[in-house]
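A short write-up of the structure that comes next.
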Amino acid sequence: MSLEPFNRLVKLAARAFYDDVTIKGDNQPKAGRGDNRGMAVIVLDALTRRQWVREEDLAKALKLHSKQLRRTLRFFEEEKLVTREHRKESAKGAKIFNAAMAATADGQQGTKEGDEKMKMHMHSYCCLDYAQIYDVVRYRMHRMKKKIKDELDNRNTIQEYICPNSSCGRRYSAFDVLQLMSMDGESFLCENCKAELTESEKLAAEELGDGDDRKRRHEKLKDMLRKMEEQLKPLVTQLNRVKDLPAPEFGTLLAWEARAHAAAQATGDSNANDSSKSSQGQGYTGTPMPFLGETRVEVALSGLEAKEEIEHDTKPTSLKVLPPWMIKQGMNLTKEQRGEVNPQTKMEQGSSSVDDKKLNLDNEDEKSLQDEYLKAYYAALVKRQEEQEASQRAQQKTELPEGVSETPSERQVGMKSKREDGNDEIEWEEDPSIGNSGAEPYRLADLNVEADASDHEDEEDDIDWEEG
Amino acid sequence: MFFHITLERNMQLHPRHFGPHLRDKLVAKLMKDVEGTCSGRHGFVVAITGVEDIGKGLIREGTGFVTFPVKYQAVVFRPFKGEILEAVVTMVNKMGFFAEAGPVQIFVSNHLIPDDMEFQSGDMPNYTTSDGSVKIQKDSEVRLKIIGTRVDATEIFCIGTIKDDFLGVINDPGATA
């Protein structure tokens, strides 16, 4: 269940239909403090990044006045895009919501202060209603198209009449004509000024003025229809894309809270902080559904812990050594896991029981075998390297005369080529000493790759030993 | 559309009718009162087909009138949006024409008359096609579609169209006369 296509739908619809919507206060004069066009889009966009959100928090996040935001949200509620819920709640209720919020980890809802101060205040929450938005947008498009098409062929439209008297300008619909009929039955008269009414074209008249020119009006409407289809195309395609997807459903506020809370509980108390942190990171990526994906991660962790406890008695050596970068403060790890134990202590542990002893003996045999194998392997490696270098030397000797032009060009690359040269030098120097000892020289040659060669052996031994 | 439904009404009967034919008098008065009226809810009451039940009368203090609750069955007519009706043209002017389908008045504006019909003024104003084959004037019968209704408490007014397939004049009195 992905939110992404639906969020895109909301964003497209917001830009298509609510871009130039001004939300005015009831008692605010028309030429108020500048227009707030575009605010509707911003609010909708913000809501796509959230689930249920308390309106004060949203206002804070958007740096809007809460009254202004509420006005906008009421508008969207009437437009059926947003569901809102109001409830009286104490500080405790707010805490429940905050907990749910932390569980879903919206990421932007970090600011929560003054919870303790509240005493039974009315709080409003809002949330996008994706299923309904889909329907609303479709219905709106349908109505738009139908209106223009009806007007286009004059079908199913109720004629309107307008008083030509500019001081009067009354409008009448065809339903009123019975009362407006003049005495001779020839025309309709304005109730107010007794002037003869003229027909008004609903859509085109405003731009064309005189409605008599039917042909021009027709073309105008056709143009309008074409423009509409053209401009709303992305929205239509998005609608089609979303058509077969299940709409994200957050349920009522209470249900959502309960669900989020349950999800938080499932992760376990000790891990709660971690989960919220990790999911906060995810909050921006558009899938704020922590109870779907992340709980699984947590469960796996706890499962591992349980396994640890069981296996600790029987097979102490089977614990994996965690790499140092994985070990964080506060992690509950045994020493074995940190890799601090050397083979001797392990052997001591093993000798505590007879069975383990035998197993250990076997292991030791195997270990010596593997050591020998390793030595042989390294020796072979060194040999091969020698051979390679020898052949390289031979090649370079032969190539030297022709390679003059080539080498400078390689130098031009800069640092890289220089370092390669350095490498070569080291290898050249070491050549004589290679034959003496088994593994060491290879290591030296490989120094730039593995800085901690001394640790290397221990670790490798460990691993081998475990495998036995 | 016509419906046959059961309605209720409280009838007030003058004391002078109290006598052997009280019931007949009551029904006659019901018909006189109700038939032809219009209610926004049920439409026009066309005819009463029967009286189901007459309840106990209640004498009103002071006047001596008696109130009977009467249950009766009636045929009602209520126009709906989208319904096709046959109607008689009653008046034609340049704004369109008026027609009546029984008790219902319908207005068809000139935008809802096919584009090829032109208004012709004169002592018999009419809408005529360019070749004169079809003419809408007073007393023409037309088939029209209702595209809007205005239902008041005591009145129903409709807007109709003849700009659709199979709509328009169904007989022309001018041609036969």
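The values are calculated or read from the model by the stated rules, or taken from the named source; none is laboratory data. All of these numbers come straight from a predicted model, not from anything done at the bench. No Cβ is skipped: glycine too gets one built from the backbone with ideal geometry, and neighbour counts run over all protein chains shown. In case anyone asks, the SASA skips ligands and DNA or RNA and just uses the protein heavy atoms, side chains included. Shrake-Rupley method; radii C 1.70, N 1.55, O 1.52, S 1.80 Å.
Tabulated data
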quantity: ³J(HN,Hα) computed for each position of region A:180-197 - Karplus, 6.51 cos²θ - 1.76 cosθ + 1.60, integer Hz, glycine/proline x; calculated: 8, 4, 6, 4, 7, x, 8, 8, 9, 10, 5, 5, 7, 10, 6, 7, 6, 6
quantity: Relative contact order of region B:84-176, pairs being alpha-carbon contacts under 8 Å that are 6 or more residues apart, as %; calculated: 29
quantity: Centroid-to-centroid separation of region A:240-265 and region B:105-177 [C-alpha atoms, Å]; calculated: 56
quantity: Surface per residue (accessible, 1.4 Å probe) for region B:84-176, Å²; calculated: 44
quantity: FRET E, pair B:Ala153, A:Arg241, Förster distance 41 Å, beta-carbon r, rounded to 0.05; calculated: 0.25
quantity: Residue-count net charge about B:Gln120 - beta-carbon cut-off 14 Å; Lys, Arg +1, Asp, Glu -1; calculated: -2
quantity: Value at 222 nm in deg cm²/dmol, rounded to 500, when DSSP H runs of n ≥ 4 in chain B each add -39,500 (n - 2.57); calculated: -2500 deg cm²/dmol
quantity: Averaged over B:85-92, number of beta-carbon atoms from partner chains that fall within 10 Å; calculated: 1
quantity: Lys pairs under 27 Å by Cα in chain B, provided they are eight or more residues apart or on distinct chains; calculated: 20
quantity: Buried solvent-accessible surface, both chains (B, A), 1.4 Å probe, Å² to nearest 100; calculated: 2100
quantity: Across A:Lys80/A:Lys227; A:Lys147/A:Lys220; A:Lys146/A:Lys220, pairs whose alpha-carbon gap is larger than 19 Å; calculated: A:Lys80/A:Lys227
quantity: Percentage relative contact order, chain B, counting C-alpha pairs under 8 Å, at least six apart; calculated: 21
quantity: Amide H contacts under 5 Å for A:His123, placed H, 5+ residues apart; calculated: A:Arg87, A:Lys88, A:Glu89
quantity: Cα-projected label distance for A:Asn98 with B:Arg9, points at 7 Å along beta-carbon direction, nm; calculated: 7.0
quantity: Under-5 Å amide H pairs with B:Gln105, H placed in peptide plane, nonlocal only; calculated: B:Cys158
quantity: HN-Hα J in Hz across region B:86-96 - Karplus 6.51, -1.76, 1.60, θ = phi - 60°, x for Gly and Pro; calculated: 10, 9, 9, 6, 10, 7, 10, 9, 6, 7, x
quantity: Principal semi-axes in Å for region B:2-77 [√(5λ), Cα gyration tensor, largest first]; calculated: 24, 12, 10
quantity: Long-range HN-HN contacts of B:Asn93 with modeled amide H, under 5 Å; calculated: B:Phe98
quantity: Accessible heavy-atom area order of A:Lys88, A:Lys145, highest first, probe of 1.4 Å; calculated: A:Lys88, A:Lys145
quantity: Total charge dipole magnitude, region B:84-176, about the Cα centre, Cβ charges on Lys, Arg, Asp, Glu only, Debye to nearest 20; calculated: 160
quantity: Within 10 Å of each Cβ in B:65-76, the average number of Cβ atoms from other chains; calculated: 0
quantity: Point-to-point label distance, A:Gln179-A:Leu254, nm (Cα→Cβ direction, 7 Å offset); calculated: 4.9
quantity: Residue-averaged beta-carbon neighbours from other chains (10 angstrom radius) around B:103-109; calculated: 3
quantity: Largest to smallest accessible area among A:Tyr373, A:Tyr134 [probe 1.4 Å]; calculated: A:Tyr373, A:Tyr134
quantity: Under Karplus coefficients 6.51, -1.76 and 1.60, residue-wise ³J(HN,Hα) of region B:38-50 in Hz, glycine/proline x; calculated: 10, 10, x, 6, 9, x, 7, 7, 7, 7, 8, 9, x
quantity: By accessible area with a 1.4 Å probe, ligands and nucleic acids excluded, highest first: order of A:Arg241, A:Arg49, B:Arg150; calculated: A:Arg241, A:Arg49, B:Arg150
